[in-house]
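Please read the structure below before turning to the comments.
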Amino acid sequence: QVQLVESGGGLVQPGGSLTLSCAASGRTFRRYAMGWFRQAPGQEREFVAAISWGGGSTYVADSVKGRFTISRDNAKNTVSLQMNSLKPEDTAVYYCAATGNSAGDFGRSPMDYWGKGTLVTVSS
């Protein structure tokens, strides 16, 4: 069993930066590929970024490529999402997720665990 708790959301101006963190409980954290989804008001949840269990492979949605970076620290059971050059369209609730499948499966198959989400608002 893995529990995921996101933090780091908030209000930021366009062009600003924000780092989201996801803390995972459970000693099996390093067995899971981890990643982030987001859901904007009135829209479906969409894939943002994913990272393999060892951190060697990362996947990023085209909409955030070059602006968002995902990383993980297996010693601390955390995964982070560094978000730069934020735009109003990045406003959403961001969810941390974990899968026992490949990181490449993010967005293609059901996740095993979800966090409750953290709100990011990009506005002037």
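The values are calculated or read from the model by the stated rules, or taken from the named source; none is laboratory data. Every value quoted in this text rests on a predicted model; they were computed, and no experiment measured them. When we count neighbours, we look across all protein chains shown, and the Cβ atoms used for this are built from the backbone with ideal geometry, even at glycine. Accessible surface is based on the protein model in full, side chains and every heavy atom, while ligands, DNA and RNA are left aside. Shrake-Rupley method; radii C 1.70, N 1.55, O 1.52, S 1.80 Å.
What is the sum of charges, Lys and Arg at +1 and Asp and Glu at -1, for the other residues whose Cβ falls under 14 Å from the Cβ of Pro41? In short, -2. Restricted to Cα atoms, the chain shows a radius of gyration and a Dmax of 13.3, 41 angstrom. Ranked from largest to smallest solvent-accessible area, with a 1.4 Å probe on the protein heavy atoms, Arg45, Arg108, Arg38, Arg31 come out as Arg108, Arg31, Arg45, Arg38.
Label sites at Thr69 and Arg30, each approximated as a point 7 angstrom past Cα along Cα to Cβ, lie 2.3 nm apart. For the residues Lys76, Lys65, a 1.4 Å probe over the protein chains yields an accessible-area ranking, largest first, of Lys76, Lys65.
A full extension of the chain between Asn101 and Ser57 corresponds to an added length of 14.5 nm, given 0.36 nm per residue minus the alpha carbon distance.
Taken about its Cα centre, the chain carries a charge dipole of about 320 debye when Lys and Arg each add +1 at the Cβ and Asp and Glu each add -1 at the Cβ. Neighbours of Asp90, meaning other residues whose beta-carbon lies under 10 angstrom from its beta-carbon, give a summed charge of +2 when Lys and Arg score +1 and Asp and Glu score -1. Of the GluC sites (Glu not before Pro) found in region 1-70, those that fall in a DSSP loop while having at most 11 other beta-carbon atoms within 10 Å are Glu44.
For Ser123, neighbours were defined as the other residues whose beta-carbon sits under 13 Å from its Cβ, and their charges (Lys and Arg +1, Asp and Glu -1) total -1.
The solvent-accessible area of Asp62, taken with every protein chain present and a 1.4 Å probe, is close to 130 Å².
Put Phe29, Phe47 in order of accessible area, highest first, and with a 1.4 Å probe you get Phe47, Phe29.
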